[in-house]
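Below is one structure, written out as C-alpha cells; the observations come after it.
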Amino acid sequence: MSARKHRGSENMENLCPVTRKRSTSKNGTAAASGALVSATKSSNYEHPSSPSALTYEALEEMGIGMLDSEESSSSALSAIALAISASATSDDNSSEMTPMSTNVPPMAHQMQQQQRRSLNSTADTTLDSSVSGNTTVVEDAQQRLLRQSAEKLQALAQAKRTALGSEGGSSNSNSPAKRFRNPLSAVTCNNQSESQSPLNFQPSTSRLAQVRQANKAAAASSPLPPTRRLGSAAESFFVFRTPSMSAHINSGINYFDRLSDEILLGIFKWLPKKTLLRMATVSKRFNRCSRDETLWTRLDLGLRTFRPGALEQIMRRGVQVLRLAQTTVQEPAFTPSAAAFKSRLQYLDLSMAAISKSSLRTLFSQCRQLKKVSLESTELDDDICAEMAKNKSLEAVNMTMASGLTANSVRLMMESLTNLSSLNISWTDLSADAVTALVTNISPNVIRLNIAGCRRVLFDSHVATLQRRCPQLLELDLSDCNSLTPEVIPAIMKFKMLEYLSVSRCYLIPATRFIELKGMPSLTYLDIFGMLSDAAMEVLEKQMPKMGINKFIHSSVSRPTVGTRRTSIWGLRTRD
Amino acid sequence: MPSVFLQLETNDGKLHIVERALVKQMGIIREMLKLECGDTTEVIPLPRVDSETLKLLLKWCESMKSWTDDAEVSVRINILKRLIQRSGGDDEVLFQLITAANYLQMDSLLDAGTQLLANIIQSYDSAEELRLRFSIANEEE
C-alpha cells in the first residue's frame, strides 16, 4: 500500500491536479470525516419514514454549507440520508415531541417571570392607591390575570417556537432538538396547546388566526401595556412575508389542485434540489411529484459525507448520472434488501470515494446499465469486479490507482466487457499474470488504453499480444513500464492507427530508437518524459517536426473530469 | 388565401376575432391550421379557456411578437409578472394562465409561468410558509 502511494507521489506531475491535491490533503479529509462521524446524532433522530429530516438543520449538522456554490447546490441531497422512505408517521411526530416539550417550560417560565414582574408592579400601584379592604379583590383579579396570562404565554411560547422551528435556517439556536424537528410536528404542537388552553384556541390551520385569537383574548382581559407588548411581539413572529409578498394574501383556495401532475412536474423541474426536498414535506401530492424520477436524473454529491443508508436512498431516486467523487460513505450504506433493487445508473464517478468493499459490491449489484464508471483510488476485490463486469454495456472504465485487482478479476472483466472502448488500469499494482490476462482477453473494441506503471511486469511480449488483440488502438500509454526494451518498438510500429503514444520513463529504450517512430503515419503525439536531456530533446524535435512531443502531462483516458472542471463527468452535466 | 383574422370562441360563448399571425403562437391552433386546408372562416372553439384568460393570452402574444425568438427567460418572466399585476395580481390569474398555456400548447408562456411560480416557491423558507401562502391543506392532522 505504501509502496503504491510512494509510486503515486513520484509521478505527481503526471497526475491531474485533482489527484495531486487529493494525495496531499488525504490526511486532512480523514480528520474531517472523523469529526463528522462523531458529530452525527444518535439514530433516535434519524426517522426513516419522516420527510421532516430533509431540512437545513440536518445539513448544518453534517457540516455542509448552505450557500449556493457550484458544488453545494445539491448538498441538500445529503439530507436524503435521514429519510429512508416516503411515508411520514405520527409516531415520528410524537417521538420528536419530547425534545420540544422541554423547551416549553423555560421559555414560558421566562415570559411568565416578566409578566409577573410587570403585573406585580401594576398591582402594587393599585394596592397603594386602594384601601386594605380591596386587596383581596385585587389579588383575585391578579391571580385570574396571572392564570390567563400564563395560559396565553404558554400558547404564545409554543407559537413562537413553532414559528422559529418552521423558519428553519433562520433560527440562531443550534440545539440538537430543534435541528431534527419535523416541521409538520408544529401541527402536533398546536394540538398540545389546544388541550392545555381550550379557552384561547379554536382548531384552525392558520396560525396567524390563532395568534390573533390569543391577542384578542389577552387584550380584552388585561389591557396592561406588557401584555400588549407581548401580543405585538407574538405577531412579529409571523412576519415572514416581505411587504411585496403581502399583496398575495392567500385566498383560501388551493390553486395547485387545478394543475395537473404534468404541469406540477413542469414547475418542479425549475427548482433546485434543496427546494425540491422541501416540496416533499408540503403535502402528499407534492411528496409524490417531487419524487418523480425525471427530477432526479443527475446528481452531484462530490465531497459529501453520507450517513448510513443515504446511498441507498439516492439510488432509489432513480439517478442516472451520479458524481460521488471524494465522498465518504458511512456504514452501513445499504439495507439487506438493497441488492434486489435494479438502478438505472449509467454514469458513476466514484473517484477517490471512501466506501467499504461490501457497500461497493452492493452498489454494483444494483447496477446493470452502467456505461462509464470511475473507480480511481478505490479499494476493490474480486466480487466487486465480478459485479461490475456484469454491466455489459460499459464503455469506459477508469481504475487508475485502485487496489485489489487480481489476475482473476482482470480476466473476468476483460472477458465480459466486450463493449469496452476506453480503459485506464494504470498504477494498479498488477501482477505479471494479471497483465497477461489483460492483454490476452481485452476486447478488440478498446481504442484507448492506459497501462502505465506496470513496473517489472509488463514485457515486450505483452505489447505484441496487445497489438494482435487490438490492432486499431488509437491511444496507448505505457509510461513507467520500465521493463520494456528496445524490442518493443517494432511491435509498436505495427499499430497502424495509433495517434498517441507514451513511453515516458521506460529507461531501457534509448533515445535513438524514437526516431524510428517517424515511420508511423498516424502518430501525432509522443510523450517521452524523463528520457532525454534538453539538448537531446531539441535534436529530436528537429528530426520529427510534425510530432507533438511531450504535450500531455496528464492522461485523460477514461477520466471523468479532466483539469479543473467539476460540473460534468465525461462531458455530462451533473446538474440539471 | 386564408383570411388574416381568425375567430376563437371561448367557453362562455363569446367570439373573439384575432389576427392569425398573433395566435400562431398557440400550438394547438397551429395544429388545427395545418389540418385545415380550406379557408378558415369557421370558428375555432376553445372550450377550456374563458374570455378573461384569452384576453391575457392575447396580450402575451402581443408582447411576444415584439421580441425575437431568443428573448431571455428573465425578460419573459418579467413581462408575465407585469401582465399579471396589471390584471389583478392574484394567484388565480397566474394559475389560469399556466393551465391555459398548457392546454393551448404555448411553450413560451408555459415556461415563463412555471418559472415564475418556481421563483415564488423558492422565496419561502419552509414548508409551513408555503402551505400558508398557497392554502395547501396540511395533511398531518
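The values are calculated or read from the model by the stated rules, or taken from the named source; none is laboratory data. Just so it is clear, the structure is predicted and the values come from calculations on it, not from any experiment. A quick note on method: Cβ atoms are made from the backbone with ideal geometry, for glycine too, and the neighbour counts reach across all protein chains shown.
All but one of (1) within 11 Å of chain A (Cβ to nearest Cβ); (2) under 14 Å from the mean Cα position of the chain (by Cα); (3) in contact (Cβ under 8 Å) with a residue 40 or more places away in the chain hold for B:Met64, so report the exception by its number. Against the list (1) within 11 Å of chain A (Cβ to nearest Cβ); (2) under 14 Å from the mean Cα position of the chain (by Cα); (3) in contact (Cβ under 8 Å) with a residue 40 or more places away in the chain, B:Met64 comes up short only on (1). Here A:Glu293 meets each of (1) surrounded by 23 or more Cβ atoms within 10 Å (Cβ to Cβ); (2) more than 30 Å from A:Gly404 (Cα to Cα); (3) more than 14 Å from chain B (Cβ to nearest Cβ) with one exception, condition (1).
Looking only at residues in the stretch B:91-107 that are part of a helix (DSSP H, G or I) and among the aliphatic types (A, V, I, L, M), which one is nearest to the other protein chains (Cβ to nearest Cβ)?
Out of the qualifying residues, it is B:Ile98.
When B:Ile136, B:Ile77 are screened for being within 20 Å of A:Ile267 (Cβ to Cβ) and in a helix (DSSP H, G or I), only B:Ile77 passes. Look at A:Thr440 and say whether it is closer than 26 Å to A:Ser393 by Cβ, part of a loop (DSSP other than H, G, I, E, B) and of a type in the set (Val, Ile, Thr). It is false that A:Thr440 is closer than 26 Å to A:Ser393 by Cβ, part of a loop (DSSP other than H, G, I, E, B) and of a type in the set (Val, Ile, Thr). In summary, A:Ser359 fulfils each of the numbered conditions (1) assigned to a loop (DSSP other than H, G, I, E, B); (2) over 20 Å from A:Trp570 (Cβ atoms) with the single exception of condition (1).
Checked against (1) more than 10 Å from chain B (Cβ to nearest Cβ); (2) out of contact with any Lys or Arg (no Cβ under 9 Å at 6 or more places or on another chain); (3) within 22 Å of A:Arg566 (Cβ to Cβ), A:Asp300 passes all but condition (2). Condition (residue is in a loop (DSSP other than H, G, I, E, B), under 27 Å from A:Leu277 (Cβ atoms) and within 13 Å of another protein chain (Cβ to nearest Cβ)) applied to the stretch B:108-123: is it met by at least one residue? Yes, the stretch B:108-123 contains a residue that is in a loop (DSSP other than H, G, I, E, B), under 27 Å from A:Leu277 (Cβ atoms) and within 13 Å of another protein chain (Cβ to nearest Cβ). Annotation note: of A:Ser374, A:Ser409, A:Ser358, the sole residue that is farther than 18 Å from A:Leu299 by Cα, small (Gly, Ala, Ser) and either in contact with a Pro (Cβ under 7 Å, 6 or more places away or on another chain) or surrounded by fewer than 19 Cβ atoms within 10 Å (Cβ to Cβ) (or both) is A:Ser358. If the condition is being closer than 21 Å to A:Ser377 by Cα and at pLDDT below 90, then the stretch A:333-362 contributes only A:Ala333. If you go through the stretch A:332-347 and keep only what is among the hydrophobic types (A, V, I, L, M, F, W, C), over 19 Å from the mean Cα position of the chain (by Cα) and not in a helix (DSSP H, G or I), you end up with just A:Phe341.
Yes/no matrix, rows are residues, columns are (1) buried (at least 18 other Cβ atoms within 10 Å of the Cβ); (2) in contact with an Asp or Glu (Cβ under 8 Å, 6 or more places away or on another chain); (3) under 20 Å from A:Met399 (Cβ atoms):
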| site | (1), (2), (3) |
| --- | --- |
| A:Leu449 | yes, yes, yes |
| A:Arg455 | no, yes, yes |
| A:Ser461 | no, no, no |
| A:Ala464 | no, no, no |
| A:Gln467 | yes, no, no |
| A:Leu476 | yes, no, yes |
| A:Lys496 | no, no, no |
| A:Glu499 | no, yes, no |
| A:Ile515 | no, no, no |
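Taken over the stretch A:258-288, the residue count meeting the criterion of being more than 7 Å from every other protein chain (Cβ to nearest Cβ) and surrounded by fewer than 20 Cβ atoms within 10 Å (Cβ to Cβ) is 9. Can you tell which of B:Ser87, B:Ser135 is more than 8 Å from chain A (Cβ to nearest Cβ) and surrounded by fewer than 21 Cβ atoms within 10 Å (Cβ to Cβ)? Only one candidate passes the filter, namely B:Ser87.
Here A:Glu379, A:Glu387 are screened, and the one residue that is closer than 22 Å to A:Gln320 by Cβ, in contact with a Ser or Thr (Cβ under 8 Å, 6 or more places away or on another chain) and among the acidic types (Asp, Glu) is A:Glu387.
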